[in-house]
Amino acid sequence: MGVRKQQAGDREFHDFVVGRWPRLMRTAFLLTGEQHAAEDLVQSTLEQVYVAWHRVAVADAPEAYVRRVMINTHARRYRRKLREFLMPRSGDAGLAREVADTGDRIAQADDRHTLLTALAELPVRQREAVVLRYWEDLTETQTAEAMGCSVGTVKSNTAKGIAKLRAVSGLAEKVMQGGRT
């Protein structure tokens, strides 16, 4: 019976990973700024989640649990002073670029390069807040849970991040040309 239960758990985990992989990769890319670092972050996150899958699978929101593990893993790496790049370096020209989901509203911006460069300039906590609130479309409460902070901290980091993005020359013009205000 134990082997069958383990196999069922493995199958459940596999199905979860296959179904969520694109979204996990997108979030990781936005947090780390580099394709390879994003892949490493997702793999590290999934390793941790697999070990605890029996608890995660019965949770009310397994995806929220995984997102929280990803944010914590990313934060630990940042604390170690890992250097982050949002845009690939010139020698990385052959790397595959992130492909947006068809419903991704941000992908409709005329110039993703300007947006990604602007995101790269944000401090990590502000970037996390902006990515989770506007890319992942989480509520302030869900974002606070994912980041391990208060709703007020999320509001503050989001407001500061958005203000910095609005101040980026070129970005506001691109958004305005695209019919947004």
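The values are calculated or read from the model by the stated rules, or taken from the named source; none is laboratory data. The model shown is predicted, which means the values in this text are computed figures rather than measured ones. A quick note on method: Cβ atoms are made from the backbone with ideal geometry, for glycine too, and the neighbour counts reach across all protein chains shown. Protein only, heavy atoms only, side chains kept; ligands, DNA and RNA dropped before computing areas. Shrake-Rupley method; radii C 1.70, N 1.55, O 1.52, S 1.80 Å.
In region 31-56, which residues are among the aliphatic types (A, V, I, L, M) and open to solvent by 30 Å² or more (accessible area, probe 1.4 Å)?
VAL51
Can you name the residue in region 35-61 that is over 16 Å from the mean Cα position of the chain (by Cα) and in contact (Cβ under 8 Å) with a residue 12 or more places away in the chain and is also farthest from PHE13 (Cα to Cα) among such residues?
GLN48
Can you find even one residue in region 9-24 that is among the β-branched types (Val, Ile, Thr), buried (at least 19 other Cβ atoms within 10 Å of the Cβ) and either under 25 Å from TYR134 (Cα atoms) or under 12 Å from the mean Cα position of the chain (by Cα) (or both)?
no
Can you tell me which residue among ALA28, ALA59, ALA75, ALA64 is small (Gly, Ala, Ser), at pLDDT 90 or above and within 22 Å of ASP137 (Cβ to Cβ)?
Answer to the selection: ALA28.
Provide a single number: the residues in region 120-171 that are more than 19 Å from MET25 (Cα to Cα), open to solvent by less than 40 Å² (accessible area, probe 1.4 Å), touching a residue at least 40 places away in the same chain (Cβ under 8 Å) and under 15 Å from the mean Cα position of the chain (by Cα).
So the answer is 1.
Just one of LEU115, LEU165, LEU138, LEU119 is of a type in the set (A, V, I, L, M) and at pLDDT 90 or above; which is it? I'd like the intermediate steps shown before the answer.
Values: LEU115 fails: at pLDDT 90 or above; LEU165 fails: at pLDDT 90 or above; LEU119 fails: at pLDDT 90 or above.
Just a single option satisfies the conditions, and that option is LEU138.
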